[in-house]
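Here is the structure we will look at, set down as structure tokens.
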Amino acid sequence: MVFSSLLFVFAFLALNLIAYFFVGTIKKRNIVLLAFSMVFYSWGGPKYLILLLGMTGVSWFTARKIEEKEEKKDKRKWIIAECVVMLGLLGIFKYTGFFLENIKLLTGFPSEIPEIVLPIGISFYTFQLLSYVIDVYRGEVKAQQKYWKLLLYSSLFHQCIAGPIVRYQTVAEEIEERKITYNDLADGIRRFSVGLAKKAILANSCASVADTLLPAGIEGLSGVPTANLWLGMAFYMLQIYLDFSAYSDMAIGMGRMVGFHYLENFNYPYMAQSIQDFWRRWHISLSTFFRDYVYIPLGGSRAGNWITVRNMLCVWGLTGLWHGASWNYVFWGLYMFLFLVGERFLYGEKLKKIPVAGHIYAIIVVFFGWVLFKFENVAELGTVLSGMFGGGHAFSNPETSIIFKNNLFLLAFSIIAVTPLGKNIRDLWYKMADTKRKVPYIMMFIDMVTPALLLILSTMALVGNSYNPFLYFQF
Amino acid sequence: MLRKAYEYKKRRKAKLFRNIGILLFFCVLLIGMVLGMIIPLRPTVSDQEKRELTKFPKIQEVSFLDGEYFKQVDAWYADTYPFRDELLAGNQAIKSLYGLHTEQIHGSVTGGDEIPDVIDGGSTTEIPSSGGDNGSEDPQNEENTPVQTSEADGETVSETEESTEAESSEPETIGEADIPNAGGVVADELKPQVQGSVYQDGSKAYALYYFSKNAADIYINAVANMTSKLDQTATVYNMLVPNSSNIQLSDEKIQELAISDARKATDYYYKSINNISGNKTKTIPIYDTLMQHKDEYIYFNTDHHWTALGAYYAYTDWAKVKGVNAHSLDQFEKMQFPGFLGSFYSTLQSEELKNNPDTIDAYVPMGTNTMEFTQTDGQTLKWDIINDVSNYKEGVKYSCFVAGDNPYSKIENPTITDGSSCVVIKESFGNAFIPFLVDHYQTIHIIDYRYYKENITSFVKENGIQDVLFVNNLDAISDVEMMNRLASIL
């Protein structure tokens, strides 16, 4: 089930909230959440539920063992076991095909590559469970004694299948005890409906324009004029942010409605001043995961320049690979690595001195990053890149200007949506009201009707929308 | 206002607005939930999209464990959500705000194959008959399908005549119930989609014509071969109908959209056919005639077909070639069916088209207005040649002509007794044309080559038919797969 489906919104979520508020105690509420989460996860294929239950079981067990053991040595054994099991399973389900394909390319064996279906959300919940056990190992958080409560953490439908990667620390206390205030409820509702509309209206529309301009397959792409490639990639760039951040918005919003406070996952990444800045704003829960569990344990940036570069290479190679079992994602990670190294050692300081230059630079680098990201097939990637700079493609065709005109306002609105403009206006309005000491009725009214209105608009969009997959589901 | 008083008032108001906001959201959510639960409210077909909606999956049909079943439940829930068409219309209104929509393109501007020059007459040029693969598309998705197949649940045959009366008492008959569920006709066929790319300029849309050399050569060989096979038995006439994009768009637009030159293409077809058949096929050059009338209402705005008026001009050309006198338009009784939103509208769903619906003029043949047709399931029905479609849904009104597209239909004109007969081999462009032929033959056989399964040459010989007339749209015969099918039954 995806958040942006009518069944989810009007059947699953509605029933979930009713059941949740109907039962009184926190324990019952947790049971409600767990039961709904089980149904939610099963919806994508009941057989993969076993994997989620099993991996949670292993983590629950090892974390308790780690806490029991006095000796560092013994603790270490268990944490290694945990990492081997978790990463092993992730590796088997996610990378076997990719690995064997490359072996086959090199050696000719094996002749047949098994097709392994990627269980939904495995990349996300594996990382959540890992972070939990490592945090227990580090003594930063106490091990959860109850299996079902840990399962609630790993399987909670808000974030189980497409992030954000919530740390156990963040919600440990709230699993045991949480309060829902009306302000939280209102914030959660607003966040959820904004996310839903962002996905159902903006991201899906951008996606359909991008798909029109960038047809699938090498044959289709080789005939696409230069201008269409640029325009198509621009829409794709908007789509991928709107899509993914919408999912995080909805997750954060639904959490807030029932008293969970997840950390932000995006902070207007397209406003970044550098690539380093971009990664502080894009999929924050993933970059902090790699920072805390890979980069810093390897020595971070304190052990000399070469070690730093090695550590960065590790992190960005892994970040790329995490996004998908395909070389283009690895290239994409390494591409980011190059610019990050450049910023750190070569031009980072200079860039900061020239106004706006940093922002333009970041946008351009990110833009071409998405080209790498979008095309898994190397031949397609080559066609698109060469086509973007002439490469035997016509400059434009009649479709170019027509599609541009047909989607002019969508483009403009989507661009505004990726900037903090709306948020800033709202904040400023409230502030001005405070200084003038006049109650901002208009803004309050807008805030009041927005969620309901967006829900209605999203419903209309979803009814007619067969096109709906979340991009980040494949990871 | 004092700071404290202001803070107090703001907090109180903020609370009020916040609580109403929460309430509003939950109201919408609850209404949505309740609506979603009222199964009887769920539509089974969408008029707007002209298709049957997803059905609730049966558990034994799809695998349960890998989530396929639930995926279909998801699809069913969203697809059949109550008030689907109204919600879709709302969404369409939002989408119209995405940009400037005076011009739109659906599909891609691919450009056609180059049209070879053919030298007139003389040598029989060898034309390869092999089929390549050029933009073939599922033939089932194309064109208007007969509405009458639909005339409810399959018990129709004998009741058709009564059903006309029944209709008048029950003007809403042509609704959801007429989605054919008998005879294995699937809902996909009901989609009056256009097969290729569509260009919309303001309130009128055009199907873009792209020449396919492979498809053309199959057609040419097939028609020429049939002429040879029927030498001394029957005369073969061939008429190719250009698309509105060729006739009514400006030269600059035609060039910009890389539309193939219909005149040159027609030349290629006609000359090649004659080169092979030794000038035995009678070709009917209607391009110039239509060009002369390009500013008249000869093509629909919201549909890819020509109007009866366009077909009438072509008919006068046919009459010249055949050597008979064409009737004048005012000799016919005229019927009008306003409010037609055709294939372009269902493809583009554009407001501009919706605001510019077509009116179908239909001319009732003088000799008779009765025909019979055989459906894909083999049932034979009696029908009106020009059928009153006033109460039909806006999207299917083109089926007023000769009962729409059926594998085989037959018209007997009781006022002619000379034994004259012809067979028309056509796709849906032929429908608007055939009524004008009625007053020239005792018997007209109509074959839609897309659905007919027998051999047509033997049919002509067995029935002693004198004239064979091909009436086909250039774009429709640019599909290799379809042309292979045509060639296989000639």
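Take the residues of segment B:63-116 that are part of a helix (DSSP H, G or I) and more than 24 Å from residue B:52 (Cβ to Cβ): which is nearest to the other protein chains (Cβ to nearest Cβ)? Spell out how you get there, then give the answer.
Applying the first criterion (part of a helix (DSSP H, G or I)) to segment B:63-116 yields B:68-79, B:84-98.
Still in the list and also more than 24 Å from residue B:52 (Cβ to Cβ): B:93-94, B:96-98.
Numbers: B:93: 9, B:94: 7, B:96: 10, B:97: 6, B:98: 4 Å.
Filtering segment B:63-116 for residues that are part of a helix (DSSP H, G or I) and more than 24 Å from residue B:52 (Cβ to Cβ), the one nearest to the other protein chains (Cβ to nearest Cβ) comes out as B:98.
In the list A:334, A:346, A:338, A:351, which residue meets the criterion of being more than 26 Å from residue A:234 (Cα to Cα) and assigned by TED's automatic domain parsing to the domain that holds residue A:269? Can you show your working first?
Values: A:334 fails: more than 26 Å from residue A:234 (Cα to Cα); A:338 fails: more than 26 Å from residue A:234 (Cα to Cα); A:351 fails: more than 26 Å from residue A:234 (Cα to Cα).
Answer to the selection: A:346.
Condition test on residue A:324, is it without any contact (Cβ under 8 Å) to a residue 60 or more places away in the chain and more than 30 Å from residue B:252 (Cβ to Cβ)?
Numbers: without any contact (Cβ under 8 Å) to a residue 60 or more places away in the chain: no; more than 30 Å from residue B:252 (Cβ to Cβ): yes.
Answer is no for this residue.
For segment A:227-239, does any single residue satisfy the condition of being of a type outside the set (A, V, I, L, M), touching an Asp or Glu at 6+ places or on another chain (Cβ under 7 Å) and away from chain B (no Cβ under 13 Å)?
Among the residues of segment A:227-239, not one is of a type outside the set (A, V, I, L, M), touching an Asp or Glu at 6+ places or on another chain (Cβ under 7 Å) and away from chain B (no Cβ under 13 Å), which makes the answer no.
Tell me yes or no: at least one residue of segment A:173-180 is surrounded by 21 or more Cβ atoms within 10 Å (Cβ to Cβ), of a type outside the set (Ser, Thr, Tyr) and farther than 23 Å from residue A:380 by Cα. Working first, answer last.
Going residue by residue through segment A:173-180, those that are surrounded by 21 or more Cβ atoms within 10 Å (Cβ to Cβ) are none.
There is no residue in segment A:173-180 that is surrounded by 21 or more Cβ atoms within 10 Å (Cβ to Cβ), of a type outside the set (Ser, Thr, Tyr) and farther than 23 Å from residue A:380 by Cα.
So in segment B:240-280, with the set limited to residues that are away from every other protein chain (no Cβ under 14 Å), at pLDDT 90 or above and part of a loop (DSSP other than H, G, I, E, B), which one is surrounded by the most Cβ atoms within 10 Å (Cβ to Cβ)?
Only one residue tops the list, namely B:243.
Does residue B:57 meet the test of being more than 30 Å from residue A:190 (Cβ to Cβ), exposed (fewer than 13 other Cβ atoms within 10 Å of the Cβ) and more than 9 Å from every other protein chain (Cβ to nearest Cβ)? Step through it out loud before you land on a result.
Details: more than 30 Å from residue A:190 (Cβ to Cβ): yes; exposed (fewer than 13 other Cβ atoms within 10 Å of the Cβ): no; more than 9 Å from every other protein chain (Cβ to nearest Cβ): yes.
Spelling it out, it is not the case that residue B:57 is more than 30 Å from residue A:190 (Cβ to Cβ), exposed (fewer than 13 other Cβ atoms within 10 Å of the Cβ) and more than 9 Å from every other protein chain (Cβ to nearest Cβ).
Find the residue count for segment B:416-443, including only residues that are in contact with a helix residue (DSSP H, G or I) (Cβ under 9 Å, 6 or more places away or on another chain) and of a type in the set (Val, Ile, Thr).
Within segment B:416-443, residues that are in contact with a helix residue (DSSP H, G or I) (Cβ under 9 Å, 6 or more places away or on another chain) and of a type in the set (Val, Ile, Thr) number 5.
Could you give every pair whose Cβ atoms fall below 6 Å, whose first residue belongs to segment A:29-42 and is closer than 20 Å to residue A:179 by Cα, and whose second residue is of a type in the set (Gly, Ala, Ser), counting only separations of at least 6 or pairs across chains?
Listed by first residue and then by second, the contacts come to A:32/A:19.
If we only count helices (runs of 4 or more DSSP H) wholly inside segment A:1-85, which ones have 3 or more residues that are within 14 Å of chain B (Cβ to nearest Cβ) and more than 25 Å from the chain's Cα centre (by Cα)?
Working: elements: A:14-22, A:26-43, A:49-68.
Correct list: A:14-22.
With the requirement that a residue be in contact (Cβ under 8 Å) with a residue 24 or more places away in the chain and hydrophobic (A, V, I, L, M, F, W, C), what does segment A:327-350 give you?
Those that are in contact (Cβ under 8 Å) with a residue 24 or more places away in the chain and hydrophobic (A, V, I, L, M, F, W, C): A:327, A:331, A:332, A:336, A:337, A:339, A:340, A:341, A:345.
Would you pick out the residues in segment A:400-440 that are at pLDDT 90 or above, at the interface with chain B (Cβ under 7 Å from one of its Cβ atoms) and either at positive phi or assigned to a helix (DSSP H, G or I) (or both)?
Hits for segment A:400-440 are A:408, A:409, A:410.
When segment A:371-410 is examined, which residues are found to be more than 26 Å from the chain's Cα centre (by Cα) and of a type in the set (A, V, I, L, M, F, W, C)?
Matches in segment A:371-410: A:379, A:388, A:389, A:394, A:395, A:402, A:403, A:404, A:408, A:409.
In the list A:178, A:191, A:167, which residue meets the criterion of being away from chain B (no Cβ under 14 Å), of a type in the set (D, E, K, R) and within 19 Å of the chain's Cα centre (by Cα)? Let's see the steps before the verdict.
On the way: A:178 fails: within 19 Å of the chain's Cα centre (by Cα); A:191 fails: away from chain B (no Cβ under 14 Å).
Step by step, each of A:178, A:191, A:167 is checked, and only A:167 is away from chain B (no Cβ under 14 Å), of a type in the set (D, E, K, R) and within 19 Å of the chain's Cα centre (by Cα).
Can you report the number of residues in segment B:358-377 which are within 24 Å of residue B:313 (Cα to Cα) and part of a strand (DSSP E or B)?
Adding up the residues that qualify gives 9.
The conditions are (1) within 30 Å of residue A:117 (Cα to Cα); (2) within 14 Å of chain B (Cβ to nearest Cβ), and residue A:394 fails exactly one of them. Which is it?
(1)
Between a residue in segment A:139-153 that is modelled with pLDDT of 90 or more and any residue that is part of a loop (DSSP other than H, G, I, E, B) and not basic (Lys, Arg), which pairs come within a Cβ distance under 8 Å, given they are 6 or more apart or on different chains?
A:150/A:144; A:153/A:144; A:153/A:166
The values are calculated or read from the model by the stated rules, or taken from the named source; none is laboratory data. Everything quoted here is computed from the prediction, not taken from an experiment. Because the Cβ atoms are built from the backbone with ideal geometry, glycine has one as well, and the counts that use them run over all protein chains shown.
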